[in-house]
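Chemist: One structure, as structure tokens, below. Some questions next.
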Amino acid sequence: MTTVATTAELELISAHGSFGGSQRFYRHRSAALGLPARFSVYLPPGIDSGAPLPALIYLAGLTCNEETFPIKSGAQRYAAEHGIALIAPDTSPRGAGVPGETDHWDLGVGAGFYVDATQPPWNHHYRMYSYVVEELVRVVTGCFNLDAARIGIFGHSMGGHGALTLALRNPSVFRSVSAFAPVAGPASCPWGAKAFGTFFGEHREDWLHHDATALIGQLNARFDGEILVDQGLDDQFLATQLRIDEFESVCRAASQPLKLRRHAGYDHGYYFISSFMGDHIAHHARHLKA
């Protein structure tokens, strides 16, 4: 039986006025991770004055945490205009004590890849897939005036991979999806092979279930609605890590609606993300407020 979350579960770390709303940071004990977890939430103006509002979950990329998105993206302005809440979890468990989890910037702490690891000792705490899909959604919709039937998801890089795969696998949870420079084929790129080999071992079927290109091209997953992806053409990881062209090809072959925009002069960072943030929140607003 699923329980409804209450604000008693949350510890408020800080709150900051922003565009007429409130940018907040919370800590709570996570059952999915077996550890304390942090997330940020932007509550737009009027959050408690009427019907529950839609919400967007943002998944950040490698080395980031729950502060990266609210500090760097400039998203609060657009969220306030559209009346949408923003939630950003951390990118991995913290304090798991897994040997080697801090040895590499692209694996472990700050790099949980939004999967549930199956290989010990990672499987005890590295369960970011369950944390986001099940626990975080339950917590934020139970603690704030948010509509559980109107949740969207988006993200950047590793978080773009997470947004695409979580949406494709959970279309009843997420009504809209978009990504900035996503790792769209992690099973066939160095970042993904390193992470998946560690978290799943040689169980390649598990790899494919967390690969957006494979989900659409081989496992027949579909998302009911258009996927928006923005990609910078000066992205230093485009040729080696992202697999954007392959993702576009499988979407076309499967008749999966995809709006892929390529932008000259933009790299992989938050100057790129902030430039198109307004478009992404407007994309989600069209789906979540229809």
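The values are calculated or read from the model by the stated rules, or taken from the named source; none is laboratory data. No experiment lies behind these values; they were computed from the predicted model shown. Every residue, glycine as well, gets a Cβ built from its backbone with ideal geometry; the counts of neighbours run over all protein chains shown. For accessibility, only protein heavy atoms count, side chains too; no ligands or nucleic acids. Shrake-Rupley method; radii C 1.70, N 1.55, O 1.52, S 1.80 Å.
Chemist: So, in the range 104-126, how many residues would count as being open to solvent by 20 Å² or more (accessible area, probe 1.4 Å) and farther than 20 Å from residue 10 by Cα?
Modeler: The total comes to 11.
Chemist: Right, another one. Return yes when residue 150 is open to solvent by 10 Å² or more (accessible area, probe 1.4 Å) and either modelled with pLDDT under 95 or within 14 Å of the chain's Cα centre (by Cα) (or both) and no when it is not.
Modeler: It is false that residue 150 is open to solvent by 10 Å² or more (accessible area, probe 1.4 Å) and either modelled with pLDDT under 95 or within 14 Å of the chain's Cα centre (by Cα) (or both).
Chemist: Right, another one. For the range 65-84: of the residues being in contact with a Phe, Trp or Tyr (Cβ under 6 Å, 6 or more places away or on another chain) and buried (at least 18 other Cβ atoms within 10 Å of the Cβ), which is nearest to residue 18 (Cα to Cα)?
Modeler: Going through the qualifying residues, I end up with 76.
Chemist: Taking the range 185-226 as the search range and keeping residues that are assigned to a helix (DSSP H, G or I) and modelled with pLDDT under 95, which one is least open to solvent (accessible area, probe 1.4 Å)?
Modeler: 206
Chemist: Scan the range 154-173 residue by residue and report those that are over 23 Å from residue 107 (Cβ atoms) and either touching a Ser or Thr at 6+ places or on another chain (Cβ under 8 Å) or surrounded by 24 or more Cβ atoms within 10 Å (Cβ to Cβ) (or both).
Modeler: Correct list: 154, 167.
This table checks each residue for (1) out of contact with any Ser or Thr (no Cβ under 9 Å at 6 or more places or on another chain); (2) under 17 Å from residue 131 (Cα atoms); (3) of a type in the set (Asp, Glu).
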residue: 22; (1), (2), (3): yes, no, no
residue: 32; (1), (2), (3): no, yes, no
residue: 39; (1), (2), (3): yes, yes, no
residue: 53; (1), (2), (3): yes, no, no
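Chemist: Filtering the range 41-64 down to residues that are in a loop (DSSP other than H, G, I, E, B) and β-branched (Val, Ile, Thr), which residue is surrounded by the most Cβ atoms within 10 Å (Cβ to Cβ)?
Modeler: Checking each candidate, the answer is 47.
Chemist: Name, by its number, the condition in (1) surrounded by fewer than 19 Cβ atoms within 10 Å (Cβ to Cβ); (2) at negative phi; (3) in a loop (DSSP other than H, G, I, E, B) that does not hold for residue 239.
Modeler: (3)
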